[in-house]
Amino acid sequence: MAGRLADERILRILASAGTGVTRYDVSETGINKPTRRVAQAIEPLLRAAAGDKVEISVSFADPLRSPTIRFAHQGKGFEPVYLDFDNESTGTQRLLALLVSAFRALDTGSVLVVDELDASLHTQACELILALFHPATLSIFAPRAASFCSTASSLQSKW
């Protein structure tokens, strides 16, 4: 998902939806030394327990890295305050996941089917996603989205 976040379209919609997100930061993090030591200490124990029946291999790419995503919110004095993805609201997390899928569908011409689009999302956020697929903004060959909503407010949307 980190690579897809570079898309400025996602940031614009996150801001339009009132999430408070103003920018993001993606950094690479490696496994810390204590975790690496524990994994390396467990390997001989696993080999001894498994014997010749199972091949055991604990390896680390040097360094093993994974992306960490943080989102900036405006703090006092307009200074950005960064929050880890896990500290964002459920609605912001869901909106981000839906936007990544929506833009993937738009960019590749594929279909996007979302069950209960409105789950954990404000009506305005649902409308922003639906607007991405509105026929007035797309060519006749563009992808379409199907959404199954369970609330009346989503059904009353102009999109």
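The values are calculated or read from the model by the stated rules, or taken from the named source; none is laboratory data. The shown structure was predicted, so the numbers you read here are calculated from the model rather than taken from an experiment. Note that we place each Cβ from the backbone using ideal geometry, even for glycine, and neighbour counts take in every protein chain shown. Side chains are part of the model used for accessible areas, which takes the heavy atoms of the whole protein and leaves out ligands, DNA and RNA. Shrake-Rupley method; radii C 1.70, N 1.55, O 1.52, S 1.80 Å.
Points worth noting:
- Among residues of the stretch 86-97 that are hydroxyl-bearing (Ser, Thr, Tyr), those with a beta-carbon under 7 Å from a residue that is open to solvent by 20 Å² or more (accessible area, probe 1.4 Å) at least six positions away or on a different chain give the pairs 90/120; 92/19.
- The stretch 94-131 - residue that is under 23 Å from residue 22 (Cβ atoms) and open to solvent by 50 Å² or more (accessible area, probe 1.4 Å) and, of those, modelled with the highest pLDDT: 94
- The set of residues in the stretch 126-135 being over 18 Å from residue 8 (Cβ atoms), in a helix (DSSP H, G or I) and in contact (Cβ under 8 Å) with a residue 24 or more places away in the chain consists of 126, 127, 130.
Residue-wise test of (1) among the polar types (S, T, N, Q); (2) in a loop (DSSP other than H, G, I, E, B).
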| residue | (1), (2) |
| --- | --- |
| 92 | yes, no |
| 96 | no, no |
| 100 | no, no |
| 104 | no, no |
| 107 | no, no |
| 110 | yes, yes |
| 113 | no, no |
| 117 | no, yes |
| 121 | no, yes |
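- Within the stretch 39-75, the set of residues being of a type in the set (D, E, K, R) and modelled with pLDDT of 85 or more comprises 70 only.
- Hits in the stretch 1-10 (condition: under 13 Å from residue 93 (Cα atoms) and modelled with pLDDT of 85 or more): 10
- Tabulated pairs, the stretch 15-34, first closer than 23 Å to residue 121 by Cα, second at pLDDT below 85 and open to solvent by less than 60 Å² (accessible area, probe 1.4 Å), C-beta under 7 angstrom, 6+ apart or interchain: 24/5; 24/69
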